[in-house]
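Below is one structure; the comments refer to it alone.
Values in this text are rule-based calculations from the coordinates and carry no lab data. Values in this document were obtained by computation on a predicted structure and should not be read as measured data. We place every Cβ from the backbone using ideal geometry, glycine too, and count neighbours over all the protein chains shown.
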Amino acid sequence: MMIVKFLFTLLAVVGLVFARTLMKLAVIRKRVDREIAETRVAKILSPGVVENLTVLPIIDYFKAREDVKTEAGVSYHITADGREILLDVGANGKKEHPSPLLHNMKKLGKELKNLSMIFISHVHLDHVGGMKEQKSGEFSLSAGPVELPRIPVYSPVNLKPSAHNPGVEVKVIKDPCVIADGIVSIGAIPRALYLLGYTCENSLAFRLEGKGIVLVIGCGHQTIEQIIQRTRALFDDPIHAIIGGLHLPAGGGRLKIGPIDIQPIVGTDRAPWNKLNENDTRAAIEAVKSVNPKLVALSPHDSSDRSLELFRAAFGDAFQVIEVGKTIVL
Ligand SMILES: [Zn+2]
Ligand SMILES: [Zn+2]
């Protein structure tokens, strides 16, 4: 009798949690639909161009040389006609000082004092410097004091600098906008993720002279389909390159909490038992193929070895895996 009562209570609790999650998700979906509809998207009339563009991965899951650190996070150092941009600031999972970000920047000959701006794609732990930062809506470059020049920090949502790197101004950019000549924010695209809830992500587009648009993406929660649709709405130019994370952990991700393989069940709007799988990777490949880019560089921080393999098979010589320390010259 006791067992029946216990099972009945357990079932009722699970049912309630499930119903509550679904209700919350429905509310978030409405908000997402409204925000996408309200975003001002029109052809950018004077986007400008950049003539020289390089992307140097500072933080990612694989590395091209021995003296740098890796983690399941993202930070890319981008040089566009002399302007130095840091897209995201890594995960710093062990709360080190200097962080893997600072360690790798030093090894790769990059200095914070030369940065023109920091661009935060979205507020997830692997992009803002840790879980604590994600929870408190902050970003942190290291677990100790860091001197940042007084540069703008762009974010799709409200974000504060942590006590370790104070004094910078965070600018929230929702709508697509030209940040500098040839450097465009495609604008925030929100998504209702099943477990993570409301997630708003932004990506950078560089208009490279004579070649077209180079997209640099953090985690790709917006979905590559939405990113491509937005980019086509903003530019007449072809998409020349797609670089960064697309969250395709088919067959097993990079982050485990105890026995739980986290990435296939987060970063999707589906229920946890309907994990991200090879079909998602194949759908992303079809979307990328539709714009025929000359270069596809995929981040291993949130895509599995299997997804990397499928991308390599689909794009051949046009494909490369992002590795810390291996400069991508566009
Ligand atoms: Zn993310
Ligand atoms: Zn990520």
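Name the single residue that is nearest to LYS211 (Cα to Cα) among those in region 277-330 being acidic (Asp, Glu) and away from ligand 1 (no atom under 16 Å from the Cβ).
As a first pass, look at region 277-330 and keep what is acidic (Asp, Glu): 278, 280, 286, 302, 305, 309, 317, 323.
Those still in the list that are away from ligand 1 (no atom under 16 Å from the Cβ) too: 278, 286, 305, 309, 317, 323.
Details: GLU278: 31, GLU286: 22, ASP305: 30, GLU309: 27, ASP317: 18, GLU323: 23 Å.
Only one residue fits best here, namely ASP317.
Could you grab the pairs with beta carbons closer than 7 Å, sequence gap of 6+ or different chains, first residue in region 39-66 and closer than 17 Å to VAL216 by Cα, second one in a loop (DSSP other than H, G, I, E, B) and among the polar types (S, T, N, Q)?
Listed pairs, sorted by first residue: THR54/THR327; LEU56/THR327; ASP60/THR70; ASP60/SER299; TYR61/THR70.
Can you tell me which residue in region 264-286 is farthest from GLN226 (Cα to Cα), limited to those that are in contact (Cβ under 8 Å) with a residue 60 or more places away in the chain and assigned to a loop (DSSP other than H, G, I, E, B)? Outline the logic, then answer.
Going residue by residue through region 264-286, those that are in contact (Cβ under 8 Å) with a residue 60 or more places away in the chain are 265-272, 284.
Then keep just the ones that are assigned to a loop (DSSP other than H, G, I, E, B); that gives 265-272.
Details: ILE265: 20, VAL266: 18, GLY267: 15, THR268: 14, ASP269: 14, ARG270: 17, ALA271: 21, PRO272: 22 Å.
Per the stated criteria, the residue is PRO272.
Here is a yes/no grid of residues against (1) charged (D, E, K, R); (2) surrounded by fewer than 20 Cβ atoms within 10 Å (Cβ to Cβ); (3) touching a residue at least 12 places away in the same chain (Cβ under 8 Å); (4) in contact with a Ser or Thr (Cβ under 8 Å, 6 or more places away or on another chain):
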position	(1), (2), (3), (4)
MET105	no, no, yes, no
ILE118	no, no, yes, no
HIS122	no, no, yes, yes
VAL128	no, no, yes, yes
ALA143	no, yes, yes, yes
TYR154	no, no, yes, yes
GLY167	no, yes, yes, no
VAL172	no, yes, yes, yes
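When ARG306 is evaluated against the numbered criteria (1) over 26 Å from THR54 (Cβ atoms); (2) part of a loop (DSSP other than H, G, I, E, B), which criterion, by number, is the only one it fails?
The number of the failed condition is (2).
Just to be sure I understand the filter: pairs with C-beta atoms under 6 Å, separated by 6 or more residues or on different chains, first member in region 221-235 and of a type in the set (Val, Ile, Thr), second member in a helix (DSSP H, G or I) and crowded, with 20+ Cβ neighbours inside 10 Å. Which pairs pass?
If the second residue must be in a helix (DSSP H, G or I) and crowded, with 20+ Cβ neighbours inside 10 Å, the pairs left are ILE224/ALA284.
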